[in-house]
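So the structure is just underneath, and the comments pick up after that.
No lab work stands behind these numbers, since they all come straight from the coordinates. What you see is a predicted model, and the numbers here were worked out from it, not measured in a lab. Note: ideal-geometry Cβ built from the backbone for every residue, glycine included; neighbour counts use all protein chains shown.
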Amino acid sequence: MESSRKQRWRQLQSVFEPGFKQMLLISLLLHLLVPVLYYAPFFPQRDIRKPPVYRVNLVNKPVKNPQAGRPEAVAEKKKPEAKPAPKPEPKPLPPSPKPVAPKPEPVKPKPVPVKPKPEPQPEPKAVAKKPEVKPAPVPAPEPVKTGPTKAQESALEKRLREIREAQEKKAQETARKDRLAALKAAAVAESAKKSPIADAPVGMIGGKGDEEGVSAVAFVQEFIQQQWSFSKYQAAGNPQAEVKLFYSTDGELLHYKFLKKSGNEAFDDSLIRAITKSRQLPQALPEAMEFHIFFNLKDMLDRR
């Protein structure tokens, strides 16, 4: 039996071409590499590094290239240079007194002769006057009623509409200015509660620019953080979300979208409420800017 099996195996080996085993091994390896190459990316994805979180004083100005310093410090207000007092001008000498002319002697009035009174003459008799004939009254013509034309009415409506639009625009601008003033006052009040680092320049840790101020992205993140309200007992673990925000030069929020939600609905809803309250920044930005911000529950709770 064993000899017959060996003979059959030798017959099979003689049938295969030389190098068949190597081809079979290469085919097997290729079949294993195909799914690996299909699911593995050709280029590794670049991880976005999360910037460090700083406490920022919102009184400071947001800039593009902040200098090295502390974002929670307060810029010293430059005192206006004292202008030298003007030298007093010499007073002019009083004019020399003019010679006074002597007063003339009073002239005595001459006596006026008294005229005799005329004798009273008898009054003339009154002549009877004929009664005057009054003319018959002429009836006054009835006034012609004239109303405004359609053209005048349309012009009046147009003028009233323009006045209303101007008043509404003025009211909106006043409300916007009041809102900005309230935000600035709130930022000043918030900064007064925290003791800034004394004798520290305003800037960012590791800043390499030449502008006095804080990073614009740190400023926006701090302002949204101050509008945020959330309890640590509402979320388990440490949820984190990525949001992209677009602000105009005036500090108005134009658009925002979540690049990645945290997976915790309560935490994401709290971020949406905070972003909605941050539609207007208390200060203007250097230019229209786009921000990519990470909101991490642990970092946000530590900054309270």
message = Using 31 Å as the Cα-Cα cut-off, could you pick out the over-long pairs in K61/K257; K169/K277; K177/K208; K232/K257; K184/K208?
response = K177/K208
key: Label-point separation, A186 to E212 (7 Å along Cα→Cβ), nm   = 2.8
note = Among GluC sites (Glu not before Pro) in the range 251-304, those in a DSSP loop whose Cβ has at most 15 other Cβ atoms within 10 Å are E287
ask   = Listing L271, L183 from the residue with the fewest other Cβ atoms within 10 Å to the one with the most, what is the order?
value = L183, L271
ask   = What ranking of V202, V63, V217 emerges when the number of other C-beta atoms within 10 Å of each C-beta is taken as an exposure proxy, fewest first?
value = V217, V63, V202
note = With the convex hull built on the alpha-carbon atoms of the range 233-297, volume per residue in Å³ sits at 81
message = Can you work out the Karplus-derived ³J(HN,Hα) for every residue in the range 156-167? Use 6.51 cos²θ - 1.76 cosθ + 1.60 with θ = phi - 60°, whole Hz, and x for glycine or proline.
response = 5, 4, 4, 5, 5, 5, 5, 5, 4, 5, 5, 5
